[in-house]
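Structure, as structure tokens:
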Amino acid sequence: LQCQLYPPQRAFQASAVLRRVFDEQKKEPLASSSQHQFNSHPADHQPEQERQGHCPSYTGQGGQESEDYESEEQLQHRILTAALEFVPEHGWTAEAIAEGAKTLGLSVAAAGMFHSDGSDLILHFVSECNTKLSELLEQEQKLVQLGEAEKKPTDQFLKDAVEARLRMLIPYIEKWPQALSILLLPRNIPSSLNLLTSMIDDIWQYAGDQSTDFNWYTRRAVLTGIYNTTELVMLQDSSPDFDETWRFLENRVADAMSMGNAADQVRSTGEAVVQGLMGAAVTVSNV
Amino acid sequence: AALCPCRAVLALRGGVLRALCGSVRGLAAGTQTHFGFQTVTEEERREKINQVFESVAKKYDVMNDSMTLGIHRVWKDILVHKMNPSPGTLLLDVAGGTGDIAFRFINYVRSARERQLQRKLRSHQNLSWQEISESYQEEQCKPLGDSQVVVCDINKEMLKVGKQKAQYLGYSEGLSWVLGNAEELPFDDDKFDVYTIAFGIRNVTRIDLALQEAYRVLKPGGRFLCLEFSHVSNPVISRLYDLYSFQVIPVLGEVIAGDWKSYQYLVESIRRFPPQEELKAMIEDAGFFKVDYRNLNLGIVAIHSGFKL
């Protein structure tokens with residue numbers, strides 16, 4: 001029974017969802033770290049244990065206090081992660097997001113926080129995959145530094161990295177064409193391009209690329225081409241465990257390597273030809 | 001209909017006490033507020049607004065069309081489109097009088113539901129005949145997919161017009177009509193998915209109370225949507241708009257509805273209503289998150305949206 005004589009200040013307003021969630025988070029601080037493992041089963045159903053992912057404790061909303069409240073971005077992150085489970089059934093749509101919100105105990109109207117074409121869900125997924133790829137490559141690098149594993153030759157490294165990244169699409173492969181078409185909408189191109197280029201950059205960095213000349217661009221352009229074409233091949237590949245796709249990938253990487261050699265050869269041939277011509281010109285002028 | 005006032009005696013007591021507090025406060029402090037460009041007490045304002053809507057109720061839709069040249073339909077369409085309700089949504093339309101938003105909601109949900117069922121059938125191509133006939137039956141029984149809309153209004157006349165319209169247009173399922181005050185809703189906490197108030201919040205005497213009630217009845221994750229006339233910042237358009245509002249609209253009111261004063265009140269109340277940023281701050285004060293607004297027609301109308309997080 002409250003006779004409210006003043007509008008409650010925002011600082012004291014009990015947020016209906018955000019704080020409550022963090023209370024649950026406090027109860028299981030150890031469980032959340034295990035959620036980092038990538039699992040390829042979208043139907044991995046753990047409705048009680050929310051997929052917390054990365055929840056740093058420094059955020060608050062509106063510049064107000066503290067560590068007890070998760071921010072709106074974190075909540076959105078959780079909703080999108082929960083929504084991925086429903087993608088095979090509903091596609092990359094606002095409905096999948098609404099179902100995800102329902103599993104977190106929120107109203108379906110919470111899907112209104114995101115854009116209605118489902119692009120937020122796709123971008124979230126792509127960004128998560130890229131993060132997982134980085135972690136994978138990081139771990140591999142650590143093993144190599146510790147001397148527990150051999151350093152792979154560049155073509156093998158690139159092939160493995162692209163394969164690992166593409167394998168993350170397998171659970172959603174049926175609806176992936178829809179996702180690609182949404183990512184190509186003009187509104188989404190800046191963000192999707194950004195994610196793509198940072199992923200390619202990451203792969204090259206871990207591959208040990210330290211070039212500072214024009215090679216930097218050509219390497220990234222080549223790998224982007226390999227990745228995109230392999231992705232398209234994967235979409236219509238029906239062989240067991242996508243063998244055809246990985247073979248296609250191997251061939252493309254081999255092509256790229258030999259193209260590098262061919263480029264060197266062309267350059268040296270070109271230089272030789274130019275020198276020959278210069279010599280001929282000097283000879284002619286001396287006659 | 002199951003969503004109608006189902007709170008226990010406790011709530012009623014609470015409601016009555018709050019109303020007493022309100023009126024005592026009013027009498028004691030003589031809180032002045034505005035009615036158009038006049039200054040009146042809160043009680044007088046409520047009474048006057050009640051009279052305004054009683055008199056305009058029958059011609060409300062006709063006047064809307066003539067004043068806005070039919071553009072109000074587009075605004076309401078945009079509101080429902082922004083809401084993007086999925087089947088199974090519970091909507092509370094406050095100050096929903098003649099039911100415009102409610103009918104649009106029902107249409108939207110119905111077509112969304114059809115698309116959903118079609119997609120389900122298409123993806124299950126190898127169902128047995130029994131399963132297929134069962135899904136067709138489901139389509140017959142649940143064309144709205146459990147979505148419901150409750151239209152709440154403080155004015156009996158407006159609700160009457162709304163019910164007649166519903167009957168005439170053939171809307172019956174998933175629709176309820178409740179008499180209630182936006183400052184004190186007769187519903188339980190955490191009930192609704194979406195709360196809308198289209199062209200109504202301007203007439204509420206204590207906007208902060210209405211916003212608090214909105215927060216209360218929404219489920220966690222629920223959405224607050226407000227469609228209202230707002231502030232035009234462009235000086236050229238603003239002058240034309242003022243000219244149109246003060247010279248043309250009251251005349252239309254007299255000619256079509258025989259009621260100059262009500263439409264004079266309407267245009268004055270638009271000018272007295274807080275502009276976009278101020279309303280946004282008030283919504284945030286009530287506890288909503290991710291509050292933002294979108295101007296339609298350069299600010300003549302604005303849609304504010306907030307989430308209960």
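The values are calculated or read from the model by the stated rules, or taken from the named source; none is laboratory data. As the structure is a computational prediction, the values presented were derived from the model and not from experiment. Note that each Cβ is placed from the backbone with ideal geometry, even for glycine, and that neighbours are counted across all protein chains shown.
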| task | Test A:VAL87 against the criterion of being touching a residue at least 60 places away in the same chain (Cβ under 8 Å), more than 9 Å from chain B (Cβ to nearest Cβ), buried (at least 24 other Cβ atoms within 10 Å of the Cβ) and within 21 Å of A:ARG167 (Cβ to Cβ), and give yes or no. | result | yes
| query | Out of A:GLU73, A:GLU128, which single residue is more than 22 Å from B:ASP193 (Cβ to Cβ) and either touching an Asp or Glu at 6+ places or on another chain (Cβ under 6 Å) or at pLDDT 95 or above (or both)? | reply | A:GLU128
| note | Of the conditions (1) modelled with pLDDT under 95; (2) more than 14 Å from every other protein chain (Cβ to nearest Cβ); (3) in a helix (DSSP H, G or I), the single one that A:LYS152 does not satisfy is (3)
| Would you pick out the residues in region B:238-279 that are more than 18 Å from B:GLU228 (Cβ to Cβ) and in contact with a Lys or Arg (Cβ under 7 Å, 6 or more places away or on another chain)? | B:ILE256, B:ALA257
| query | From the residues in region A:197-234 that are in contact (Cβ under 8 Å) with a residue 60 or more places away in the chain and of a type in the set (Phe, Trp, Tyr), which one is nearest to A:ILE173 (Cα to Cα)? | reply | A:TYR227
| Of all residues in region B:186-214 being in contact with a Leu (Cβ under 6 Å, 6 or more places away or on another chain) and within 14 Å of chain A (Cβ to nearest Cβ), the one that is farthest from B:ASP100 (Cα to Cα) | B:GLU213
| query | Consider B:LEU159 against the criteria (1) within 16 Å of the chain's Cα centre (by Cα); (2) within 26 Å of A:LEU106 (Cα to Cα): it satisfies all of them except one. Which criterion is unmet? | reply | (2)
| Out of region B:215-252, which residues are of a type in the set (Lys, Arg) and either within 14 Å of chain A (Cβ to nearest Cβ) or surrounded by 13 or more Cβ atoms within 10 Å (Cβ to Cβ) (or both)? | B:ARG216, B:LYS219, B:ARG223
| In region A:264-282, is there at least one residue being touching a Lys or Arg at 6+ places or on another chain (Cβ under 6 Å), part of a helix (DSSP H, G or I) and in the same structural domain as A:ASP160 (by the TED database)? | no
| note | Those residues of region A:230-247 which are in a helix (DSSP H, G or I) and touching a helix residue (DSSP H, G or I) at 6+ places or on another chain (Cβ under 8 Å) amount to A:THR230, A:GLU231, A:VAL233, A:MET234, A:LEU235, A:PHE242, A:GLU244, A:THR245, A:TRP246
| task | Scan region B:76-106 for residues that are more than 14 Å from chain A (Cβ to nearest Cβ) and of a type in the set (Lys, Arg) and jot them down. | result | B:LYS76, B:ARG104
| Regarding B:LEU121, is this residue at pLDDT below 90, of a type in the set (A, V, I, L, M), buried (at least 16 other Cβ atoms within 10 Å of the Cβ) and assigned to a helix (DSSP H, G or I)? | no
| field | Within region A:101-136, considering residues that are under 21 Å from B:PHE288 (Cα atoms) and part of a helix (DSSP H, G or I), the one farthest from the other protein chains (Cβ to nearest Cβ) | value | A:LYS102
| query | Which one of the conditions (1) within 31 Å of the chain's Cα centre (by Cα); (2) at pLDDT 90 or above does A:GLY279 fail to meet, given that it meets all the rest? | reply | (1)
| request: With respect to B:VAL178, determine if the residue is in a strand (DSSP E or B), aliphatic (A, V, I, L, M) and buried (at least 23 other Cβ atoms within 10 Å of the Cβ). | output: no
| query | Do the conditions hold for B:TYR108, that is, is it within 22 Å of B:HIS81 (Cβ to Cβ) and touching a residue at least 60 places away in the same chain (Cβ under 8 Å)? | reply | no
